[in-house]
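Undergrad: Got a structure for you, questions after.
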Amino acid sequence: MKKHKLIVLFLSLAVASFAHENEFSFGLSSMSMDYMEYKDNGDKADSEKADTLPGFTLSYKTSISNGGFIDADFSQYYGNTNYVGSALNNPNGQYGDVTATTESTISDGSIGYSEQKIYDNYLVFMRLGIGYRNWERALSDGHTEEYKWPYGTVKLGFLGNMTGNDTLGLSAEYHQAFSPQMKSNKYGTFDLGRTDGFSIIVPWEHTLSANWALKFTYMYQTWDIKKSNTLPYQSSQIVWEPRSESNFNTFNAALVYRY
């Protein structure tokens, strides 16, 4: 088990020991992925894309004061992505010359603190959090890459009642990575440039009973990674990780239990 998974589990259990109100949810998800790397001149270098990556989510939330909450969440997605690139060692290589299948595993866990208030029948909240993101990328030629970074987040949003049993919300989040890296089994470990992005989240929840609810969530998320440092390769060459942009669309259905 990865270290960040253990951290999320430990902290969620710790906050439960002094909880006044608790909420736990488990969900199944489908994620589309659109990742693109760019050459220095702005041309496309290579990409990883998938219409559907299956995954799951776990979340825990507890009240620690009047309007104050601590939460922990974890998600993981695994599946094949479609790689498109250019031929290596070919100065005239163009994007699209090479296609292959890549195994991708994306894991993300975070801990956060939020404050919420009620204004004109809307629940408005702000959340500050820290997290850890990991993308393991196994290419078909045996080359593996691992993108990893801790990050900080700030999120603002609101929830409103649609009916007596249904609520609809909207929130926006900014996330900033700290000391992001990409570890390659072929080239070494790169220090990535500035890495940040944002998320737009739309949750809809239907109450089933005093303790149970169904929650359906759509999330659009981006991560932008600037060009890395350079590393020596085969004595006369240097290599680097190019600038990249990634876009994710996620649909999640979760069962929520409150106690």
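The values are calculated or read from the model by the stated rules, or taken from the named source; none is laboratory data. Please read all numbers here as calculations on a predicted model, not as lab measurements. Here the Cβ positions follow ideal geometry from the backbone for every residue, glycine too, while neighbour counts run over all protein chains shown.
Undergrad: Would it be correct to say that Ala210 is under 22 Å from Gly68 (Cα atoms), at pLDDT below 95 and either within 15 Å of the chain's Cα centre (by Cα) or part of a loop (DSSP other than H, G, I, E, B) (or both)?
TA: yes
Undergrad: I would also like to ask the following. Here's a check for you: in the stretch 117-151, which residue that is surrounded by 15 or more Cβ atoms within 10 Å (Cβ to Cβ) and of a type in the set (Gly, Ala, Ser) is nearest to Tyr174 (Cα to Cα)?
TA: Ranking the qualifying residues of the stretch 117-151, first place goes to Gly129.
Undergrad: Being of a type in the set (Gly, Ala, Ser), within 22 Å of Lys215 (Cβ to Cβ) and surrounded by 17 or more Cβ atoms within 10 Å (Cβ to Cβ) narrows it down to one residue among Gly55, Gly68, Gly79, Gly85; which is it?
TA: Gly55
Undergrad: Moving to a separate point now. Scan the stretch 249-259 and give yes if some residue there is at pLDDT below 95, over 18 Å from Tyr77 (Cβ atoms), over 17 Å from the mean Cα position of the chain (by Cα) and of a type in the set (A, V, I, L, M), otherwise no.
TA: No - not one qualifying residue is present in the stretch 249-259.
Undergrad: For Lys61, only one of the following conditions fails: (1) buried (at least 19 other Cβ atoms within 10 Å of the Cβ); (2) over 19 Å from the mean Cα position of the chain (by Cα). What is its number?
TA: (2)
Undergrad: Being within 27 Å of the chain's Cα centre (by Cα), of a type outside the set (Ser, Thr, Tyr) and surrounded by 15 or more Cβ atoms within 10 Å (Cβ to Cβ) is the filter here, so list the residues in the stretch 224-238 that pass it.
TA: Asp224, Ile225, Lys227, listed by residue number.
Undergrad: For Thr163, only one of the following conditions fails: (1) touching a residue at least 40 places away in the same chain (Cβ under 8 Å); (2) outside any strand (DSSP E or B). What is its number?
TA: Of everything listed in (1) touching a residue at least 40 places away in the same chain (Cβ under 8 Å); (2) outside any strand (DSSP E or B), Thr163 misses just condition (1).
Undergrad: Given the structure, is Tyr147 over 20 Å from Lys215 (Cβ atoms), modelled with pLDDT of 95 or more and out of contact with any Ser or Thr (no Cβ under 6 Å at 6 or more places or on another chain)?
TA: Considered against the rule, which asks whether it is over 20 Å from Lys215 (Cβ atoms), modelled with pLDDT of 95 or more and out of contact with any Ser or Thr (no Cβ under 6 Å at 6 or more places or on another chain), Tyr147 comes out as yes.
Undergrad: If you don't mind, another one. Looking only at the stretch 169-186, which residues are surrounded by fewer than 18 Cβ atoms within 10 Å (Cβ to Cβ) and either assigned to a loop (DSSP other than H, G, I, E, B) or of a type in the set (Asp, Glu) (or both)?
TA: Phe178, Ser179, Asn185, Lys186
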